[in-house]
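Taking it in order: structure first as structure tokens, then the write-up.
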Amino acid sequence: MIRVQREDFDVGSEIERLSAGNVKIGGIASFIGLVRDFAGETRVRAITLEHYPGMTEKQLEKIAAEARGRWPLEDLTIIHRYGRLEPGDRIVLVATASAHREAALAACHFLIDWLKTKAPFWKLEDTSAGERWVEAREDDDHATARWLEKR
Amino acid sequence: MIRVQREDFDVGSEIERLSAGNVKIGGIASFIGLVRDFAGETRVRAITLEHYPGMTEKQLEKIAAEARGRWPLEDLTIIHRYGRLEPGDRIVLVATASAHREAALAACHFLIDWLKTKAPFWKLEDTSAGERWVEAREDDDHATARWLEKR
Amino acid sequence: MHLLYFGWVRQKIGRAGEALEPPPGVADVAQLIAWLKTRGSGYAEALRDISALRVAVNQELAELGASVAQGDEIALFPPMTGG
Amino acid sequence: MHLLYFGWVRQKIGRAGEALEPPPGVADVAQLIAWLKTRGSGYAEALRDISALRVAVNQELAELGASVAQGDEIALFPPMTGG
């Protein structure tokens, strides 16, 4: 299930939904991204996530299809929020269910790595030093590329 | 937080507890192990987890300390159940919280790999072909050893 | 042609999108960007460093050499920072 | 000495634990296992393949050469299958 939404989500029910009624699942891996109150040395009061409606959903579907092609997944969930979020708020949930723990763990890691560089979101930080756009990190490009080598 | 218990646990509240009030956390990774209804070709009706009270808690504390020594974690949770469990039931929850997603993801993966071979639990399967003890898997030994090489 | 701008591209251009009809010589993304830069200082500033731009044509990521045509939805934006 | 058995070791020996006083010559885990095997067919069967056994002395994993002494808690069990 893929959702792009302004509202928060319920972690427990989203994770439980993945395995409900499917007794072939041996493991569920998940990752939740949260807003931190700092960026480098600067205090962050809030971030505003902007996205590209229409393309966002398509890109998330593509990334999900790529994960399903690489690992034997029983199910997966991606929920990505947009709008203004404050420190401690959830930004994103990725969860993967598989018969095998390695598949669930690897696919979860893959999904969050690819979301970082391939999902059309942009983050504007409201900091003590003013507004600034979060820049793409070279580390994230490497994390994305690593999965291409592993293919 | 480390707990060894017979009862089920609430995934949502356990994961939320990890980040409650800590706005330094950027990511929470988690893994939930579930009872599957098959083992190879055989149908599994239930598994009974036996453990070594006293030593179990010590081993889990050691594994948790190892994870904290390797990655900058803000917090972590391990909950491992024992007793009779049926397909679809949760066995174990591992969750890690860090400022950095790579640390949370790697530590979560590490914890579940080490639990597999270093936590004193034994699993008796009640299958359509009778009772049998789950044997240690060579794959799990490799998964454990991989983290020693990475050290 | 429907243009969309995101992130600091939107901010510097000063609008989220617009319908434009580029002149006949504009057949690919690079030509479109070159033409947009002539439309004002906000455009010139937003589109100055082409290596910092990412492009989608009809909601698919595209290279600078990708063709553009009437009716296309073209989005210009900074590198994505999802997750 | 307090002995504990888990998994199929417990099942084959037919009990979860017992207090025993091994004879004076028993100073390490291997000697303890050798002595236990003389206590009956269940023990012999459970402890036959020493490579399939794991041992904890006072709740810490131990090798076959580890010393054992009066008052120790010694556990014998199959390879662990947690998680």
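We did not get these values from a lab; they are worked out from the coordinates using the rules stated. Just so you know, these numbers come straight off a predicted model, no measurement behind them. Please note: Cβ atoms are built from the backbone with ideal geometry, for glycine as well, and neighbour counts cover all protein chains shown.
Annotation for the range A:106-140: GluC sites (Glu not before Pro) lying in DSSP loop with at most 14 further Cβ atoms inside 10 Å of their Cβ are A:GLU135. What the Cβ-Cβ distance of B:ALA65 and C:GLU45 gives, at R0 = 45 Å and to the nearest 0.05, is a FRET efficiency of 0.30. When all alpha carbon pairs of the range B:1-53 are counted in 5 Å bins from zero, the resulting P(r) reads 4, 11, 20, 18, 15, 14, 9, 6, 3, 1 %. When the pairs A:LYS116/B:LYS62; A:LYS150/C:LYS12; B:LYS24/B:LYS150; B:LYS58/D:LYS37; A:LYS123/B:LYS150; A:LYS116/B:LYS150 are compared against a 31 Å limit on Cα-Cα distance, A:LYS116/B:LYS62; A:LYS150/C:LYS12; A:LYS123/B:LYS150 fall above it.
Around the amide H of A:ILE2, modelled in the peptide plane, lie the amide H atoms of A:ILE78, all under 5 Å away and 5 or more residues distant in sequence or on another chain. Over all directions, the projected convex hull of the C-alpha atoms in the protein assembly as shown averages 25.5 nm² in area. Within the range C:1-30, list the residues whose amide N lies under 16 Å from a label point set 7 Å along Cα→Cβ of C:GLU63. Counting backbone N atoms under 16 Å from the label point, the list is C:28-30.
Using the Cα coordinates of the range A:28-117, the gyration tensor eigenvalues translate into equivalent-ellipsoid semi-axes of 26, 16, 10 Å, sorted from longest to shortest.
Under a Cβ-Cβ cut-off of 11 Å, what is the net charge of the residues other than D:MET1 that fall near it, where Lys and Arg count +1 and Asp and Glu count -1? Could the numbers behind the result be given before it?
On the way: positive: none; negative: D:GLU18, D:GLU21, D:ASP72, D:GLU73.
Local charge sum for D:MET1: -4.
Wrap a convex hull around the Cα atoms of chain C, take a quarter of its surface area, and give that in square nanometres. Walk me through the intermediate numbers first.
Working: hull surface 20.1 nm².
For chain C, the mean projected area of the Cα convex hull comes to 5.0 nm².
Sorting the Cα pairs of the range A:58-101 by distance into bins of 10 Å, from 0 upward, gives 23, 44, 25, 8 percent per bin. Across peptide A:107-113, the mean count of Cβ atoms from other chains lying within 10 Å of each residue's own Cβ comes to 4.
Of all beta bridges that DSSP places with both ends in the range B:2-149, some 90 percent have antiparallel geometry.
Charged neighbours of B:ARG101, selected by a Cβ distance under 14 Å, balance to +1 (K, R count +1; D, E count -1). The DSSP beta bridges internal to chain D are antiparallel in roughly 75% of cases. Each part reduced to its alpha carbon centroid, the range D:1-66 and the range A:1-60 end up 50 Å apart. For chain A, the share of alpha carbon pairs falling in successive 5 Å distance bins from zero is 2, 9, 18, 20, 20, 15, 9, 4, 2, 0, 0 percent.
Report the residues of the range A:15-41 in range of a label on A:SER128: point 7 Å along Cα→C-beta, backbone N strictly under 18 Å from it. Correct set: A:36-41. Ordered by the number of other Cβ atoms lying within 10 Å of each residue's own Cβ, fewest first, C:SER67, B:SER19, A:SER30 fall into the sequence C:SER67, B:SER19, A:SER30. Give me the percent relative contact order of chain C, please, defined on Cα pairs under 8 angstrom at least 6 residues apart. It comes to 39 percent, rounded to a whole number. Take every DSSP beta bridge whose two residues both sit in the protein assembly as shown; close to 85 percent of them are antiparallel. Just need the relative contact order of the range B:2-149 here, percent rounded to a whole number, with Cα pairs under 8 Å and 6+ apart. In percent, rounded to a whole number, it is 33. Each Lys and Arg adds +1 at its Cβ and each Asp and Glu adds -1 at its Cβ; summed about the Cα centre, the protein assembly as shown shows a dipole of about 100 debye.
Three principal axis extents describe the C-alpha atoms of the range B:94-151; from largest down they are 47, 23, 18 Å. The magnitude of the dipole of chain D, with charges of +1 and -1 set on the Cβ of Lys/Arg and Asp/Glu and taken from the Cα centre, is near 360 debye. The mean number of partner chain beta-carbon atoms within 10 angstrom of a residue's beta-carbon across peptide B:16-29 is 5.
Here chain A is assigned +1 on the Cβ of each Lys and Arg and -1 on the Cβ of each Asp and Glu. Its dipole about the Cα centre then comes out at about 380 debye.
Chain C: longest stretch without exposed trypsin sites (Lys or Arg not before Pro) (DSSP loop, at most 12 other Cβ within 10 Å), sites themselves excluded? After excluding every exposed loop site, the longest remaining stretch is C:49-83.
Converting phi to 3J(HN,Hα) with the Karplus coefficients 6.51, -1.76 and 1.60 and the offset θ = phi - 60°, the range B:78-83 yields 10, 10, 10, 8, 9, x Hz in sequence order, with x at every glycine or proline.
Projecting the Cα atoms of D:GLY7, B:VAL134, D:ALA27 onto the dipole axis of the protein assembly as shown, where Lys and Arg carry +1 and Asp and Glu carry -1 at the beta carbon, places D:ALA27 farthest toward the positive end.
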